[in-house]
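Nothing in this text is a laboratory measurement; each read-out follows from the coordinates by a stated rule. What you see is a predicted model; the values in this text were computed from it and never measured. Cβ placement follows ideal geometry from the backbone for every residue including glycine, while neighbour counts extend to all protein chains displayed.
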Amino acid sequence: MKKQNGSPNADLSVLREGTERSERPTVPRVLAFIFVAWTLAQTINLFTLPLEDALGAYTEIASGQIIRLALFLIVTAALSYKLMRKIELPELALLSGQVLFTAIALRSPLLSLSIGLLLLNISMTVLILRLRKKAKPASVIISLSLLATTLLKLLYNALFVDFESDSTRFKHYFAEEGSINLGWSFVMILVLLLSAGIALYMLLKQFKRLKVARRFGTLHRQKRELGYLIIIGSALLWLCLAYIMCVRTMRIVTPTYDMGIFTQMYQGILKSGQPLTTVERDKVLSHFAVHFSPILYLITPIFYLFPDPLTLQIVQLLIAASAVIPLVRIAKRLRLPQLWAYLASGLLMAAPQLLGSNLYDFHENCFLAPLILWLIDALLARKKLRTLIFALLTLMVKEDAVVYVFCLGLWTLSTWPKRQAEGVADVAGGAGVQLVAASGGARVETSARAEMSAREEMSARQEMPVREETERRDRLFVFLTLLVLPLLWFLLSTQVIRHLGGEPMLDRFANLSAFKGSGVPGVALTLILHPVPAIASLFTEGKIFYIMAVMSGFAFLPLLQKRAAHYFLLLPMAVINLLPSWRFQHDLHFQYGYGSVALLAFAALVFLSDFMQQLGWTAQTVAVPMKRGLGRLRLNLINMILCVALLFSMFFSLTYLLLPKMLQLNSAVVHVEKANEMREVLAEIPRDKKLLVSSVLVAEMADIDELYVIEYHVKKPDTSIDYVILDQRFSTSNSWVIKTYTSADYTQSELSTEELLILEKP
């Protein structure tokens, strides 16, 4: 029998050739193989260690531990090689990671750690389920079994584990100051939320006669009204935020750290062009010796026109709120329907991370939210000059902004080819013909050739080398701009900090290293040899509260991605907010959430885009009422989830963040009239003198060159001080200062008032 090109035998040879080609040891396959072997080796190592050593704080890693881990790695490498012949490599890598997370959960008595590992396992299971067309049923069953095991262990820890005894064994992972206590409360909240969701669904189903369900499910008809509601709700939240920040400044209650520092820094820029301060480290020092932030110079013209601390507060609010503009542009580039663009913008504006980051006065971090989103917009538009500009601007915010740009580079290189293929729409004639031939269907081949004329096929073949060269240049540009440039910038910024007399704040990651004093290499080596404590440190009680609050605001969509590469968008949150030992970095009331919230908002949009693509929807499909069926049910469900997440964000931000601050300000015996009287008195102090003042007075006296803070200055008489100015409104620690300087013959000035005690040098 003669073999034709279109025969099944020919098709089989093509498929065989493709299989052989796929089994070649490419770099991704080698890395995946190493990952599988490493995770399995760590799983075995976990069960051979005592519990305190497996989960406890880092101690010195002995040579015996390294030898044992090496032996485990050899064994698991052989096992991985065998498994690779049975299971596809993406499935195997996901399953091995899930095995490690489940093993940690089984050994851990900590509820917070169980919750975090459950979230990780859910993400892994979702990825495997998204591969269901390729994944084997056994892989799906194993993944679901591991997920169920983690869930059962979580419930066991919540119901039966003695938290008090475990808190003495694992002090590092238990509740930090200011966090809520988990335990029964989390389980009850989980049950209540689940019950409320089921009740809401049944209620909407029963009230069809009142058209409640129909109106809720067809929000496309009311998208304009919904947009108005989102704008009004967001405006109210931000008006409350503006009220809090402006009143704080007007009543002179903003502390030195960090409002006083930045106000004095801008005064130094106006005088000398340098960001000099005296209150940051109790000496004359450039602010760039603490954080290298050239982006701060962009605000200098505004501060020159309005040299007041209130200017910084208003500018920060405007900068942070402007992040919604690139987010809407990104939603359009992803071809999301207008309704979802409205909801996404509302989720960002009401996000606890974004609102809470503004509560701790002015910081350079506020630039991160809009700049990261503008950078993503430039990447999606494939505008090289804009990408370079916004990458540089993002890096100029702070030395740790390198993490955001670098992770975006990893995401872009991992997803770029696929997204380009989607835009090209299969005009590569030769490849299309091969695929059709491999499928073995003569009619399919005929129809495909009928769709593409001979001229179009020839043109596509001629364009393929050009497209490949363009793709190669684009990838090289991304590699240099988003991977190489950030690393060079980090080296430059750290050298600038050291040159100016400071030191990069890498000590916040010291808790991750078993090799003390070894810096970043020690952290990296420790994570390779013993990663379990680092994984456990991601999910302390305070951090779990932070994760749940943040992810609930985006309906947990960033955790439910179609492709593993999308999780690069979540990596900065882990590195910046969760891994460091500095507890303020995972506190919603401080400034460390600007960058993470931008990437989380984009990750939610990516999920929606992939969701639409998987179902074959377009923006027009979602905008037009669907017929009854599974498609309409899915649309109603996603609309309901987004609306509930938006309501949660607004409610949580209002009750947990804004209202307590407003009540605190209104109940305090600090009025604007008294503050204005204080300003008049402070204006009479000579500006060429050396002053020692209370922390809250620094922002109002930042134009004085030699200004020092009582709380951080030496606790012995500094006779070079000309004036000591104490805020008597709510300070209870002034007695030692008064005693110290009155014993040095300092006398009370005539300028003293009920609120201000001013001591003069004799």
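Taking amide hydrogens as modeled 1.01 Å from N in the peptide plane, which residues meet the under 5 Å criterion relative to SER752, leaving out close sequence neighbours?
Sorted by chain and number, the residues that satisfy this are ILE758.
Per 0.36 nm of contour for each residue apart, how much would the distance between THR48 and THR618 grow if the chain were fully extended, relative to their Cα-Cα spacing?
Numbers: separation 570, 0.36 × 570 = 205.20 nm, distance 5.23 nm.
Separation in residues times 0.36 nm, less the Cα-Cα distance, equals 200.0 nm.
Which cross-chain or sequence-distant (5 or more) residues have an amide H under 5 Å from the amide H of ALA514, H modelled 1.01 Å from N in plane?
Here the answer is THR526, since their amide H atoms fall under 5 Å of that of ALA514.
Just for the Cα atoms in the stretch 332-418, what are the lengths along the principal axes, largest first, rounded to whole Å?
Taking the Cα atoms of the stretch 332-418, the three principal extents are 41, 36, 20 Å.
Loop only by DSSP, 12 or fewer other Cβ within 10 Å of the Cβ. Give me the trypsin sites (Lys or Arg not before Pro) in the stretch 550-645 that pass, ordered by residue number.
On the way: sites: LYS562, ARG563, ARG583, LYS627, ARG628, ARG632, ARG634; in loops: LYS562, ARG563, LYS627, ARG628.
Answer in residue order: LYS627, ARG628.
Just to check I understand the Karplus step: with θ = phi - 60° and J = 6.51 cos²θ - 1.76 cosθ + 1.60, what whole-Hz values come out for the stretch 390-402, glycine and proline as x?
6, 5, 5, 4, 5, 5, 6, 5, 6, 5, 7, 5, 4
Which value, in debye to the nearest 20, describes the size of the charge dipole of the stretch 672-760 about its Cα centre when Lys and Arg Cβ atoms bear +1, Asp and Glu Cβ atoms bear -1, and nothing else is charged? Could you put the intermediate results ahead of the total?
Numbers: 9 positive and 18 negative charges, 88 e Å.
Around 420 debye, computed over the stretch 672-760.
For the ranges 309-320, 367-378, what's the packing order if you count other beta-carbon atoms within 10 Å of each residue, average per peptide, and put the highest first? List each step's numbers first, then the result.
Details: 309-320: 19.8, 367-378: 26.5.
Result, highest mean Cβ count within 10 Å first: 367-378, 309-320.
Set the bar at 20 Å for Cα to Cα. Now go through LYS690/LYS761; LYS332/LYS398; LYS690/LYS716; LYS86/LYS136 and name every pair that lies beyond it.
On the way: LYS690/LYS761 10 Å; LYS332/LYS398 30 Å; LYS690/LYS716 16 Å; LYS86/LYS136 10 Å.
Too far apart for the 20 Å limit: LYS332/LYS398.
Computed on alpha carbon atoms, what radius of gyration and Dmax characterise the stretch 672-760, expressed in Å?
12.0, 35
Quick one: in the stretch 215-664, what % of C-alpha pairs are over 34 Å apart? Write down the numbers at each step before the final one.
On the way: 40430 of 101025 pairs.
In whole percent, the share of Cα-Cα pairs in the stretch 215-664 beyond 34 Å is 40.
Using alpha-carbon pairs under 8 Å, 6+ residues apart, how would you state the relative contact order of the stretch 215-664 in percent? Please list the in-between numbers first.
Values: 541 pairs, mean separation 114.2, N = 450.
Relative contact order, the stretch 215-664: 25 percent.
Give me the net charge of LYS516's neighbourhood, meaning all other residues with Cβ under 14 Å from the Cβ of LYS516; Lys, Arg count +1, Asp, Glu -1. Intermediate results must be reported in sequence, preceding the final value.
Values: positive: none; negative: GLU60, ASP507.
Computed value for this residue: -2.
Show me, for the stretch 226-242, the HN-Hα J-couplings you get by feeding each phi into the Karplus relation (A = 6.51, B = -1.76, C = 1.60, θ = phi - 60°), rounded to Hz, glycine and proline as x.
5, x, 4, 5, 5, 4, 5, x, 5, 4, 5, 4, 6, 5, 4, 4, 4
Tell me, what ³J(HN,Hα) does each residue in the stretch 78-83 have, in order and in whole Hz, if you take phi through Karplus 6.51 cos²θ - 1.76 cosθ + 1.60 with θ = phi - 60° and put x for Gly and Pro?
Values, residue by residue: 5, 5, 5, 4, 5, 5 Hz.
First measure r as the distance between the Cβ atoms of THR655 and LEU385, then evaluate 1/(1 + (r/R0)^6) with R0 = 56 Å and state the FRET efficiency to the nearest 0.05. It would help to have the intermediate numbers written out before the result.
Numbers: r = 45 Å, r/R0 = 0.80.
In this case the efficiency is close to 0.80.
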